[in-house]
Amino acid sequence: MDTILLKIRTYGDPCLRKKSKAVKDVGPSERFLINAMVDTMRSHQGIGLAAPQIGLNEQIFVVDVGDGPFVVINPQITKKTGADFMEEGCLSIPEVLIKVKRAEAITVVYTNENNRRVERKCSGLMAKVIQHETDHLNGKLIVDYASLAEKIKFKKKLSELQKSNKGSES
Ligand code: ZN
């Protein structure tokens, strides 16, 4: 299959702040999109990519923490335990790293690419990435967790990104 690369929307793009809609049915067009999202994530050495990041406000994201692509549609995090901090980056906010406090382990209920509703328990990096990507579906970004020091440190970078998106339509 041909590799299809999608344009990644960056900080300041209105798409990143919108709440995504639930997917009613996973059909051929959704599977095509999912494949393109996996290709796009890989081409940027990313470990996660959510649909709003490619300009589509639908509840879909892909994750790959080293053991192959994992597709998540209409997720609901039903349980969270523990907490710790991890420095996170985001393909939509290049060169910015923010320390984010998240649950250490989670249970997520989601629809897979075969339209099945399934449950998965995970911890560590996988749990962190799923929480990061679920935030994207709610219009939330790592900068929303920034400390005052981080806000000051990345102020210039963020305003540059924002300026580059001025006047662009979603
Ligand atoms: Zn992100």
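The values are calculated or read from the model by the stated rules, or taken from the named source; none is laboratory data. None of the values given here were measured: they were computed from a predicted structure. Cβ sites come from the backbone with ideal geometry, for glycine too, and all protein chains shown count toward neighbours.
Scanning the stretch 118-135 for residues that are without any contact (Cβ under 8 Å) to a residue 24 or more places away in the chain and under 17 Å from N57 (Cα atoms) yields a total of 1. Every residue in the stretch 1-40 that is over 16 Å from T111 (Cβ atoms) and of a type in the set (A, V, I, L, M, F, W, C), please. Correct list: M1, I4, L5, L6, I8, C15, L16, F32, A36, V38. Checking each residue in the stretch 116-135 for being within 15 Å of A50 (Cβ to Cβ) and either in contact with a Phe, Trp or Tyr (Cβ under 7 Å, 6 or more places away or on another chain) or among the polar types (S, T, N, Q) (or both) picks out Q131, E133, T134. Among the residues of the stretch 74-98, those that are more than 15 Å from the ligand (Cβ to nearest atom) and charged (D, E, K, R) comprise K79, K80, D84. Among the residues making up the stretch 136-156, those that are away from the ligand (no atom under 15 Å from the Cβ) and touching a residue at least 12 places away in the same chain (Cβ under 8 Å) are S147, E150. Residues that are within 11 Å of the ligand (Cβ to nearest atom) and at pLDDT 95 or above are absent from the stretch 108-119 altogether. Looking across the stretch 1-58, just one residue is aromatic (F, W, Y) and either touching a Lys or Arg at 6+ places or on another chain (Cβ under 8 Å) or buried (at least 18 other Cβ atoms within 10 Å of the Cβ) (or both), and that is Y11. Considering the conditions (1) over 15 Å from F61 (Cα atoms); (2) over 17 Å from the mean Cα position of the chain (by Cα), N114 is excluded by exactly one of them, (1).
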